[in-house]
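Nothing in this text is a laboratory measurement; each read-out follows from the coordinates by a stated rule. Because the structure is predicted, anything quoted here is derived from the model rather than measured. Every residue, glycine as well, gets a Cβ built from its backbone with ideal geometry; the counts of neighbours run over all protein chains shown.
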Amino acid sequence: MMPITPRTIFHIARASAFLLERSAHLLSVAPVMNHAPAASLRQMVEPLASVSLRHLRPATRELLAQNALSVNAYPTSFGGMVFVGVPRQRIPVEQDLDVITRIAEQAGVVWLLFDTEAPVIEGLPVFEPSWS
């Protein structure tokens, strides 16, 4: 399996944008349809990267689960989403999250999806999972 690096996240985000642009062709051949909403929605796309929940310390994972992080976050049953923004909207108080959001900002990633089954990013610290 190929390691996931911050550069890989950047390429995934760029590939997503490319695929969305290519989908415009499919919309243009659709039978009589108002394309304005789809075009407007496409302009609002924000890159998201799915990363392992193991990159967060157990205490930070718990704050995410309780919706108590120092940044905008949305807990889920498998981890949660964290809004980064480009540039970052807020600097996290949680040191582990600060490191990850700084790299996400450099990669142009606006949202981070922390997931128990997402890939580990090479070069980032990994903490023992609390779910093992």
Segment 43-119: spread of alpha-carbon positions along the three principal axes, whole Å, largest first, is 33, 24, 19
Thr116 long-range amide H proximity, modeled H, under 5 Å: Leu53
Neighbourhood net charge (15 Å Cβ-Cβ; Lys/Arg +1, Asp/Glu -1) for Gly85: 0
Derived scalar couplings ³J(HN,Hα) [segment 77-85; Karplus, 6.51 cos²θ - 1.76 cosθ + 1.60; whole Hz; x for Gly, Pro]: 6, 10, x, x, 9, 10, 7, 9, x
